[in-house]
Amino acid sequence: MKSLKPILFLTVLALIGATAGLLAQAKSSQKLGLPGIKTRPLPGSRNLEVVLPETLPGYQSQALEQSPVVTNTLPPDTSYGQRIYSTADGFRSLVNVVLMGSSRSSIHQPQICLTAQGWSINDAASRVELVRMDRPIPYDLPVMRLEASRPAELNGQAVTEKGIYVYWFVDADRLTAVHSHRMWWMASDMVLKNVLDRWAYVSLFAVCGPGQEEATYDRMKKLIVASVPEFQLVPQLPKRNEYSPPGPLK
């Protein structure tokens, strides 16, 4: 019996080594998928710039640099695009895009960032909705709508801020508002096709007062309809269904 232990030990080591070798070989030959958003090269960088529209009818826009907290935390080959869009009557919304590179950790569950900034998410008021798009063809864009709140101060008085956060994910040929659906598709393509899907995480965020949530969300939908056809390449949900994700996941 004792003589079998060294053999079993060596066998386990050999299996571990073989598995590690296969994984390393698969990773080295893995192809990175195409993005589903418009990009352009950044001079002197291996990263890309996500091309958000500078001009939209009825809106002013301002480009914003990503916070060092974000760029120092996410993998170095992550690419970004970020703009504030505003109207003459005071509406303002941030549009932010994070495009993954060769690491899946570029994109994580969006709720993590929101709660890290002190926002409390109202789960009962948060849900997947469809935004009707008319360009480049008519289709329904699935988005996750989150409502959140946090204490703030205005003119020395304690107030409650409300935040509307809308997001979805897009790769070269798929759209989803559900984080786990994206993970399912990505795992399927890695195993079956040796392709790492290049997902982008698109989000909008606007702050409003209590009772203004629906009106603010309606304004955000109008911004989505106006801006998304200018930077997103995928017009509708995919016709292929070979990797249908299991059920209504979160």
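The values are calculated or read from the model by the stated rules, or taken from the named source; none is laboratory data. The shown structure was predicted, so the numbers you read here are calculated from the model rather than taken from an experiment. Cβ coordinates were reconstructed from backbone atoms using ideal geometry, including for glycine residues, and neighbour counts include every protein chain displayed.
Some observations on this one:
- Screening Arg135 against (1) over 16 Å from the mean Cα position of the chain (by Cα); (2) more than 18 Å from Trp168 (Cβ to Cβ) leaves a single unmet condition, (2).
- Yes/no for Thr115 being exposed (fewer than 15 other Cβ atoms within 10 Å of the Cβ), under 28 Å from Thr73 (Cα atoms) and assigned by TED's automatic domain parsing to the domain that holds Arg40: yes
- Filtered residue count, the stretch 209-235, keeping only those that are part of a loop (DSSP other than H, G, I, E, B) and either closer than 17 Å to Val51 by Cβ or not small (Gly, Ala, Ser) (or both): 5
- Figure legend. Inter-residue proximity from the stretch 41-54: first residues assigned by TED's automatic domain parsing to the domain that holds Ser106, second residues surrounded by fewer than 17 Cβ atoms within 10 Å (Cβ to Cβ) and among the charged types (D, E, K, R), beta-carbon distance below 7 Å, spacing 6+ or different chains. Indicated pairs: Arg46/Asp77; Asn47/Asp77; Leu48/Arg40; Glu49/Arg40; Val51/Arg40; Pro53/Glu230.
- Qualifying position, being within 18 Å of the chain's Cα centre (by Cα) and at pLDDT below 95, among Gln157, Gln117, Gln82: Gln117
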